[in-house]
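The values are calculated or read from the model by the stated rules, or taken from the named source; none is laboratory data. Everything numeric here is computed off the predicted structure, so don't read it as measured data. Using ideal geometry, Cβ is built from the backbone for each residue, glycine included, and neighbour counts are taken over all protein chains shown. Remember, those area values only see protein heavy atoms, side chains included, never the ligands or the DNA or RNA. Shrake-Rupley method; radii C 1.70, N 1.55, O 1.52, S 1.80 Å.
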Amino acid sequence: MAWTFKIYPSIGIARLGNCPGDTPSDFYVGPEIPGSVIVPLIGYKDSQGRVRRQAARFRIFGWEDGVFMGEITSSAANITWTVELANTKAAFNQFQGIGHTNGPLRNASVANRSSLMITPGPRTIGPSSRAVFDTGQFLNRPVPLGEIQTDSAGRLLLLGGFGNSGSPTNAPLTTFANNDGWHDDVSDGPVTATVTYAGQTYAASGAWVICPPTRFAPPITHSISLYDALLQAMVDRYGYQVPARPSFTNDVYPILLSQILTQWVSSKLPNSYYAALRAVIPPPATYALRDAVFQQFRLPSTPPTEATPHLMPAIWTDYFAGAKTGGWINHPFTVTQYNVMQAWRDGNFINDWVGPPSPGANITPDGLTRAALENCSGGPFFPGIETSFLTRDQYPFVEPFRLDWTKLQAGDLTKQNAVPWQTDFNDCQFQAPLSWWPAARPDNVFTATSNNYVAWDRGVKSGADMVNLWSGLGFLVQSGSAVIEIDRTI
Amino acid sequence: MMYRRSLLSWLGASVAGALKPVSATDTQAARATRVVTLESFCIADAEQAPRLHAYLGGTLLPLLKGIRERPAICMDAIVAPHAPQILLVAVFSSFDEMLDVRGRIASEPHIRQARAELESAQVLDDVRSQVLIATEEALRFPADLGGLKTGVLELRSYHAPAWHDRSPTCVRAVFSRSGIHPIVNAATSAGEHMPRFTYLIRFESLAARQEAWARLEADAEWIDIQQDSISRHGFAVKVTGKSIYKLATCSELA
């Protein structure tokens, strides 16, 4: 009777917030079912206007002799969790764009490299307990990175940092990604567990957690999510097979929807684009209408620094550093996404449309991972919001979407990202002629009282402003058929 | 009667007399078919479980008890593809009785009210039903269901074309020898992976369960049974589902 235990989500997301509380009335748990949008009953912000942290909840699932048995909780097993979080951004190389991971070091003048690494070390907890990552330091300044706790079923709840960025040396903010003397409290690291079941102790397959910035636009889906990007990595690097004939509801519609939803976070795309997208729903639509949409997409095999004016999606390329020409050098959909749309254009799809799909009701292992990753940006990685191109292109996986947690160090998934994150977040507003990550960092939004677009970051004029004011930015929520900004406190 | 003695061993001698006896001399009665229903109540949120327990233990099970004599128990899933989940196992003498009882239950005003309350509170994600067919002799519920209070209960299904409409005697013997003593041993009447055989088995503990299945896997006759299935059907007898439960407190209260 061989048991296998695995932790899910295999990559979890715990977003930072400056509401310091750590009771269930202070935070909310992130999406656990694909397609679901979390609108916390307690609100995204507390009564003082502070952003609540979005916790990542990790669960263990078991297989006995290859048969899926379900979630393993404290009803059946004794579970001990170990998590390590770290922020090693300031000790890594400067971000200079994809293909330049061996550039000059950040903080090159600091000889004691470990003083730049916020490494509180691992924490281990059992049932109904908690531990805090509060012993890490940056240039001798304490930088807490969050905490872990277990719920009554033995699941792990992980809370990230507080959005605190600073410079013990009072260094100025000079660049979007490489600010020497600065830290933030983003982090990442491995999540492991031992499961004592029926008198035997097993090591569960490990997972990873990323504690990135807040997601301010939960209803807006990414053109290319981290799920899409890693799915392509699984196809390219590990031969993962995807269905040849896509489902309209599950494969085509989400791509169309990601484009339609752009209207709520960007004022820059023409109405004719949205009209073309709407015209192909419901399926099948005519070949001419489908082709009119498909022809607007950039071919993934286009050389990455080549301009393809007005093709979609209208977001910058990973290769921005080599393409500063002001041209329309956009990031294509993944090959898998593109193939889905091509098959659809050609009429080779399953017409299973009965209306916009509702999220499922059941928690599933793969669903937990997908729900976490589809809410993250899968590009452009310049350098990225939640993680970098290193995760997509280089880091090893032991199975689909499960990083080899034994071969990576805490901090590896975020070390390439901007330090502090707020400077990149500020700079990555619309940059003519393209947006960066409008689903993660809106460009233009509607408010409850205005039918005209307003800048989402109005009132924030610099990276320093973003460091100080980020938590005052508004969240986007569905309001009837519209998406509007709420909770803005700047 | 090794089967029955093994059953007694986990119930304890003191409750031996409380077993619902199967008359060895009344073969016809022992072979009479019974209907076993499995209803899995998949709960949306663990915090809602007490509401469902209250309905099952305080309303449904007492009503079932009042209108029929055969056993009905509720079990809480401790390891199952959907958890939290409560599984209601009920035995009926026939399909007609099952339909009659269901109809009578559905017409009870307080049941209807309770169900409406559960629905409005969105307690349930899903309710999944299975109907099994078993012989009387294949049902080994203790008369005192409190005997199930300790230990764990496993619901396990096999896809086994080689067993046709009944698991062969040799399977029962190997199970018994390995310490596996089903309370329910039934064929499934419809659905996937037919023919499918479903067992509800009580074990002293999760560790005892592990040991029993390990003994089975090492049993020469079980290996022969698997080889026979491979040679005749191209694959070994397959486990198509297994879940582990404990007796729900609402079962004890009912």
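Interface burial in the stretch A:333-381 reaches 30 Å² or more for A:Ala361, A:Asn362, comparing the full protein assembly with the chain by itself; accessible area from heavy atoms with a 1.4 Å probe. Please give, to one decimal in nm, the separation of the simple spin-label points placed at B:Glu47 and B:Cys170, each 7 Å out from Cα toward the Cβ. So the label points at B:Glu47 and B:Cys170 sit 5.5 nm apart. Taking both sides together, the accessible area buried where A meets B is about 1500 Å² for a 1.4 Å probe. Applying the criteria of a DSSP loop state and at most 12 other Cβ atoms within 10 Å to the trypsin sites (Lys or Arg not before Pro) of the stretch A:427-489 yields A:Lys461.
Rolled with a 1.4 Å probe across the full set of protein chains, the surface gives A:Ser301 an accessible area near 90 Å².
Determine the equivalent ellipsoid of the stretch A:180-301 by diagonalising the alpha-carbon gyration tensor, then write out the semi-axes as square roots of 5 times the eigenvalues, largest first, rounded to whole Å. Present the calculation step by step, with values, prior to reporting the outcome.
Working: eigenvalues 283, 103, 40 Å².
Semi-axes (√(5λ), whole Å): 38, 23, 14.
By its C-alpha gyration tensor, with a ≥ b ≥ c as the square roots of the eigenvalues, how is the stretch A:352-487 shaped: rounded for a/c under 1.5, else prolate for a/b larger than b/c, else oblate? The shape class here is oblate.
Under the √(5λ) rule applied to the eigenvalues of the Cα gyration tensor, what semi-axes describe the equivalent ellipsoid of chain A? Give them in Å, descending. Please report the intermediate quantities before stating the final value.
Working: eigenvalues 218, 165, 98 Å².
Here the semi-axes work out to 33, 29, 22 Å.
With a Förster radius of 51 Å applied to the C-beta separation of A:Val335 and A:Thr124, the computed FRET efficiency comes to 0.80.
Can you give the Rg/Rh ratio of the stretch B:102-169, where Rg is from the C-alpha atoms and Rh is the Kirkwood radius?
Values: Rg = 17.8 Å, Rh = 16.5 Å.
Computed over Cα atoms, the ratio is 1.08.
If R0 is taken as 25 Å, the Cβ-Cβ distance between B:Glu117 and B:Ala207 corresponds to a FRET efficiency of 0.05.
Could you check how much of the accessible area of the stretch B:51-157 is carbon and sulfur, as a whole percent, using a 1.4 Å probe? Intermediate results must be reported in sequence, preceding the final value.
Details: 2230 of 4540 Å².
Of all accessible area on the stretch B:51-157, carbon and sulfur atoms account for 49 percent.
With R₀ set to 45 Å, the beta-carbon distance separating A:Asn451 from A:Thr174 gives a calculated FRET efficiency near 0.70.
Computed over the stretch A:369-490, relative contact order equals 18 percent, with contacts defined as Cα pairs under 8 Å that lie 6+ residues apart.
Between A:Tyr274 and A:Leu289, the simple label model (points 7 Å from Cα in the Cβ direction) yields a spacing of 1.8 nm.
Please compute the per residue accessible area over the protein assembly as shown with all protein chains in place, 1.4 Å probe, rounded to a whole number of Å². Please report the intermediate quantities before stating the final value.
Numbers: 29060 Å² over 744 residues.
Spelled out: the 1.4 Å probe surface of the protein assembly as shown, per residue, equals 39 Å².
Using every pair of separate Cα atoms, the Kirkwood estimate puts the hydrodynamic radius of the stretch B:138-245 at 14.3 angstrom. Which whole-angstrom value gives the distance between the alpha carbon centres of the stretch A:285-321 and the stretch B:88-163? Result: 56 Å between the Cα centres. Is the C-alpha gyration tensor of the stretch A:1-102 telling us rounded, prolate or oblate? Criteria: a/c under 1.5 is rounded; beyond that, a/b larger than b/c is prolate, otherwise oblate. Oblate.
Ordered by 1.4 Å accessible area with all protein chains kept, A:Thr88, A:Thr196 run largest first as A:Thr196, A:Thr88.
Could you sort out which of A:Lys6/A:Lys415; A:Lys6/B:Lys149; A:Lys6/A:Lys89; B:Lys65/B:Lys149 sit more than 23 Å apart by Cα distance in this structure? All intermediate terms of the calculation are to be shown ahead of the outcome.
Numbers: A:Lys6/A:Lys415 26 Å; A:Lys6/B:Lys149 30 Å; A:Lys6/A:Lys89 29 Å; B:Lys65/B:Lys149 18 Å.
Violating the 23 Å Cα-Cα cut-off are A:Lys6/A:Lys415; A:Lys6/B:Lys149; A:Lys6/A:Lys89.
A loss of 50 Å² or more of accessible area (1.4 Å probe, protein heavy atoms, ligands and nucleic acids excluded) relative to the isolated chain is seen in these residues of the stretch A:188-236: A:Tyr197, A:Ala198.
How much of the DSSP beta bridge set in the protein assembly as shown is antiparallel, as a percent to the nearest 5? Intermediate values should be presented prior to the final figure.
Working: 115 of 126 bridges.
Percentage antiparallel, nearest 5: 90.
Summarising the label geometry, the points placed 7 Å from Cα in the beta-carbon direction at A:Asn102 and B:Lys238 lie 5.1 nm from one another.
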